[in-house]
Amino acid sequence: MNTANMLRLVLLAAIWGSSFLFMRIAAPVLGPAVLIEYRVGFAAVFLAIVGAILKKKLDLRANWKHYLVLGLLNSAFPFLLFAFAARTLSASVLSVLNATAPMWGALIGALWSRQAITGRSALGLILGTAGVALLVGFDQVTSRPGAGIAIVAALVAAVSYSIASAYAKTAKSVEPFANAHGSMWAATLLVIPVLPFFPAPAEPTIGIMGAALALGILCSGIAYILYFKLIQDVGPTSALTVTFLNPLFGILWGALFLGEVVGWHTVLGAAIVITGTALVTGFRPAFLSRAIVPLSAKSK
């Protein structure tokens, strides 16, 4: 991973970490359905413009079912759940709960393939669960009305991301940009039936609409382009590092712009969740692997 890709990785983590800040700002005013319709709609239009410039085709006739499944599991459903949770939970808590997605993905993958869960993975699951319990057990947000269901919603959203990843591994091969573009249009259509049940509680201000626009264009459209560029350059394993950096920025932006209190339980809970996720997924940074191999060779 060269300097340019490292900068892309940090920038992507900062952008995705900010999504919880923007949801926390806009969800109480717009409600989850209206906010997410704006998010996926703005993202779809932005990616359509980029696709037209780059001459990227969707091939809807062949891939529309695939886009619908991906749009539901990777965008519409988890976005709605996180926006619902953002009305109650802090950006810090949301970002840490989101970081459990690879952990659930590894568990679902093992169950799907009917493979035994290793001791390392079992330890990781225990640590991840303990980290979440520590985070929410000592955080003041748990005393707010509806906090319990909000926490469950955020965790189910993380599970939905992991199911989407498992599906993508077995689904037909589609060009990455088309996956992002097509799934955003699919999500836009899928959220429409939910709108009558969750109308906006209040009239949005310019600032609220700015947060919705940032969610769509920055946190979905531009972020996807950066992410797929990373996968192309450094591979999916190294690109996974962004999952471990997201909570750091989620906590940072929440503290800087929303005045959220970062307690010892926030830092320790996030560290335990990240460690558990790394154990379950078998993640080892590329730079660490390169350092270990020469040392092992010298010891022989």
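Odds and ends about this structure:
- Contour minus Cα-Cα distance for Glu203 and Ile117 (0.36 nm per residue): 26.0 nm
- Peptides 74-81, 103-110, 51-58 ordered by average Cβ neighbours within 10 Å, highest first: 74-81, 103-110, 51-58
- With all protein chains kept in place, the per residue accessible area of the stretch 1-70 amounts to 48 square angstrom at a probe of 1.4 angstrom.
- Cut-off 15 Å, label 7 Å out along Cα→Cβ of Leu258, residues of the stretch 70-100 by amide N: 81-99
- For the chain, hydrophobic long helices are taken as DSSP H runs at least 30 Å long by C-alpha position along their axis with mean Kyte-Doolittle hydropathy of 0.0 or more; these are 3-54, 147-170.
- The convex hull around the C-alpha trace of the stretch 1-79, projected and averaged over every direction, spans 7.0 square nanometres.
- For the stretch 160-259, accessible area per residue (1.4 Å probe, heavy atoms of protein chains only), Å²: 48 Å²
- Take every pair of alpha-carbon atoms less than 8 Å apart whose residues are at least six positions apart; their mean separation over the length of the chain yields a relative contact order of 42 percent.
- Overall dimensions of the chain as given by Cα atoms, namely Rg and Dmax in Å: 19.1, 69
- The stretch 1-132 - percent of accessible surface contributed by carbon and sulfur, probe 1.4 Å: 70 percent
- Extended-chain gain in nm, criterion 0.36 nm per residue less alpha-carbon gap, Ile231 and Thr129: 33.9 nm
- Placing unit charges on the Cβ atoms of the charged side chains and taking the dipole of the stretch 72-192 about its Cα centre, the candidate lying farthest along the positive direction among Ser90, Ala130, Pro145 is Ala130.
- Taking the average, over residues, of other Cβ atoms within 10 Å as the packing measure, peptides 162-168, 12-18 rank 12-18, 162-168 from highest down.
- Each Lys and Arg Cβ is given +1 and each Asp and Glu Cβ -1; about its Cα centre, the chain then shows a dipole of about 960 debye.
- Extension reserve of the Asn5-His265 stretch, reckoned as 0.36 nm per residue once the Cα distance is removed: 90.4 nm
- A helix-only calculation puts the chain at -25000 deg cm²/dmol for mean residue ellipticity at 222 nm, using -39500 (n - 2.57) for each DSSP H run of at least four residues, averaged over all residues.
The values are calculated or read from the model by the stated rules, or taken from the named source; none is laboratory data. Source: prediction; values computed, not measured. Positions of Cβ are generated from backbone atoms using ideal geometry, with glycine treated the same way; all protein chains shown enter the neighbour counts. Keep in mind that these areas ignore ligands, DNA and RNA; they rest on the heavy atoms of the full protein, side chains included. Shrake-Rupley method; radii C 1.70, N 1.55, O 1.52, S 1.80 Å.
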